[in-house]
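Chemist: Have a look at this one before I ask anything.
Every number in this text was worked out from the coordinates using simple rules, so none of it is lab data. This is a predicted model, so every value here is computed, not measured. Heads up, the Cβs are rebuilt from the backbone with ideal geometry, glycines too, and the neighbour counts pull from every protein chain shown.
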Amino acid sequence: MPVYDYLCSECGPFTDMRPMVECELPQVCPQCEATSPRVILTAPAFFCMPSSKRKAHATNEQSRHAPKTLDQYRAAHGPGCGCCSTAKRKPARLMTKTKSGAKGFPTARPWMISH
């Protein structure tokens, strides 16, 4: 369940964990028991998210309004970069086919039986 922020007019802000269906409903203050409306005081928490996903979100957020130019992209990814390099790639695996249609990989693992 998500945690929502509420603002009591007498006690100040407080948080409560509620189902998403009840997100727009007011909540009773735990101190003075007055009904308090929901407010947005803090940004959503990403502490439970893996660091790789947090970095991807940050990158997407940065590039949403101003994408990188080609020169900026090339500066970040040098000539030896594996994701965008034009370096010579490994040749495709050698595959043979018999008349019956069976595949064979003679250089990969000769001891394996193909299916």
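Chemist: Among the residues of the range 7-24, which ones are touching a Ser or Thr at 6+ places or on another chain (Cβ under 9 Å) and among the hydrophobic types (A, V, I, L, M, F, W, C)?
Modeler: Passing the criteria: Leu7, Cys8, Cys11, Phe14.
Chemist: Now a separate question. Return the residue satisfying two criteria in turn: it lies in the range 3-22 and is within 28 Å of the chain's Cα centre (by Cα) and exposed (fewer than 11 other Cβ atoms within 10 Å of the Cβ), and of such residues it is nearest to Thr42 (Cα to Cα).
Modeler: Let us first name the residues in the range 3-22 that are within 28 Å of the chain's Cα centre (by Cα), namely 3-5, 15-22.
Narrowing further to those that are exposed (fewer than 11 other Cβ atoms within 10 Å of the Cβ): 17, 19-21.
Numbers: Met17: 14, Pro19: 18, Met20: 17, Val21: 20 Å.
Selected residue: Met17.
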